[in-house]
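The values are calculated or read from the model by the stated rules, or taken from the named source; none is laboratory data. What you are looking at is a predicted structure, and each value in this text was computed from that prediction instead of being measured. Virtual Cβ from ideal backbone geometry, glycine too; neighbours counted across all protein chains shown. SASA here: full protein model, heavy atoms, side chains in, ligands and nucleic acids out. Shrake-Rupley method; radii C 1.70, N 1.55, O 1.52, S 1.80 Å.
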Amino acid sequence: MLGWFKKKISPELQAEEEDVRDGDDVSVVEVAEDSAEPQDEEAEPTSILHEDVGVLFKRLTRKMAKTRGSMVAKVDELFLGKKVIDPELLDDLEEILITADLGAVTTMELVDDARAKLARNELSDPLVLRKTLQEKITEYLVGSDKPAELVMPAEGPFVIMVVGVNGVGKTTSIGKIANKFVNDGQKVLLIAADTFRAAAVEQLKIWGERINVPVISQDTGADPSAVVFDGLEYAEKRNFDVIIIDTAGRLHTKVNLMEELKKINRVIGKKIAGGPHEVMLVIDATTGQNGIAQTRAFSETVKVTGLTLTKLDGTAKGGIVVNICREFDIPIRFIGIGEQVDDLRDFDPVEFAEALFFVEK
Ligand SMILES: Nc1nc2c(ncn2[C@@H]2O[C@H](COP(=O)(O)OP(=O)(O)OP(=O)(O)O)[C@@H](O)[C@H]2O)c(=O)[nH]1
Ligand SMILES: [Mg+2]
């Protein structure tokens, strides 16, 4: 697999850092200064590329056991002992795919295609049908024209604003993503713009300490846009490569909360040219079809440029991934497969489909 992010061009690295800290209300959890020296562009990243791909794949399939158990295992059960395909078998297949949250349109397309082939006597072997299903699902997953890798700006920090409904895994994903950047030698700053709950700021600070990156925060109840403004101000002369902004979870149907996101978005744009460079929507894969409604609502509010799908280790409804890839032309950047720092994978459609259809021998 290729790298998961790239820079437009090599940035000019600035050696000196000035202390521009201002405003007593801004709380900064500092870390050791030498923690994130930028690396040579050509240098090999120290990320998962050094790990054994076979081991990672096994881990992915293990973590996705529930998704596999639901969809593919049921398909296999259905096909077991069947020598030929008949119309009833296709009806049962349709039910399995719908239950796995593949979505009505995708399911109909897959099953109708099989029905047509069956009618033309072009399909008789269940194993061939299984293979066709995997191929079609891979096609849907690959479908997006947009590159899955993050593209960092040539100049200045790469600003990522993370949004999504309550409890989907935004803060946890930020911790994991920040850690990936740190492992690749990037200097990372986190901004806690979730000011609704003190616990939210605390949670981000704990992640900051764990992965050794500073966290900018203010008191509970502060205006999130102001926190972001101050945070970006703090970052200005410190040459951060990556700034990740955590926002409060919000119901996609609550107009005033969605408006607040627009304001944060505007503030970032005024402070950093072209920012935010990535608006990452986090979706909990266990919520199934509602993920589609969430993606639509957030996309109508701010320009969502990438998705992270979480909790794929805990859902029997992994079909939502296929559905989202088909419905929107927004790349899935990462998938979350657990609560730990390394439970995040770059989304690779082919690998994902293989993991979905993988049978343990
Ligand atoms: N199993 C599993 N749990 C996850 C994953 N990602 C996050 N979680 C858990 O989901 C819960 C919510 O995660 P948070 O990161 O706090 O979610 P959030 O979107 O920041 O929540 P709010 O800020 O309240 O909107 C926590 O218990 C996380 O540990 C994942 O990929 N797999
Ligand atoms: Mg949070």
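More than 23 Å apart: what percent of Cα pairs in segment 61-142 qualify?
For segment 61-142, the share of Cα pairs beyond 23 Å comes to 15 percent.
Hey, can you grab everything whose amide H is under 5 Å from the amide H of T315? Only 5+ residues off in sequence or another chain; H modelled, so Pro and N-termini drop out.
T67
What does the accessible area per residue of the chain come to in Å², with a 1.4 Å probe and no ligands, DNA or RNA counted?
Value for the chain: 46 Å² per residue.
By DSSP, what percent of the beta bridges with both residues in segment 262-361 are antiparallel, rounded to the nearest 5?
Close to 25 percent.
Relative to the compact globular guide of 2.2 N^0.38 Å, what is the alpha carbon radius of gyration of the chain, as a ratio?
Compared with the compact-globule rule of thumb, the chain sits at 1.07.
Check V159: other-chain or 5+ apart residues with amide H under 5 Å from its amide H, H built from backbone geometry?
I243, H277, E278
Can you check how the C-alpha radius of gyration of segment 227-361 compares to 2.2 N^0.38 Å, as a plain ratio?
1.17
Would you calculate the separation in nanometres between label points at K262 and V341, each defined as 7 Å from the Cα along the Cα-to-beta-carbon direction?
Label at K262, label at V341, 3.9 nm between them.
Summarise the accessible area of segment 61-142 (1.4 Å probe, protein heavy atoms) by the percent that is carbon and sulfur.
Solvent-exposed carbon and sulfur of segment 61-142 make up 56 percent of the total.
Compare the peptides 175-185, 85-95, 286-296 by average per-residue count of other Cβ atoms within 10 angstrom and give them in order, highest first.
175-185, 286-296, 85-95
Which Cα, out of A285, T308, V321, lies furthest along the positive dipole direction of segment 258-321 (beta carbon charges, K/R +1, D/E -1)?
T308
Pull up the cross-link candidates among the lysines for K117, meaning alpha carbon to alpha carbon under 23 Å and not fewer than 8 places away within one chain.
Straight-line reach from K117, under 23 Å: K74, K82, K83, K131, K136.
If I compute solvent accessible area with a 1.4 Å probe over the protein chains, what percent of it on segment 296-361 is carbon and sulfur?
47
Going through segment 81-146, which trypsin sites (Lys or Arg not before Pro) have at most 16 other Cβ atoms within 10 Å and a DSSP loop state?
Counting only loop positions with at most 16 other Cβ atoms within 10 Å, the trypsin sites (Lys or Arg not before Pro) in segment 81-146 are K82, K83, R120.
Under the definition of Cα pairs under 8 Å and six or more residues apart, what whole-number percent is the relative contact order of the chain?
RCO, the chain: 27 percent.
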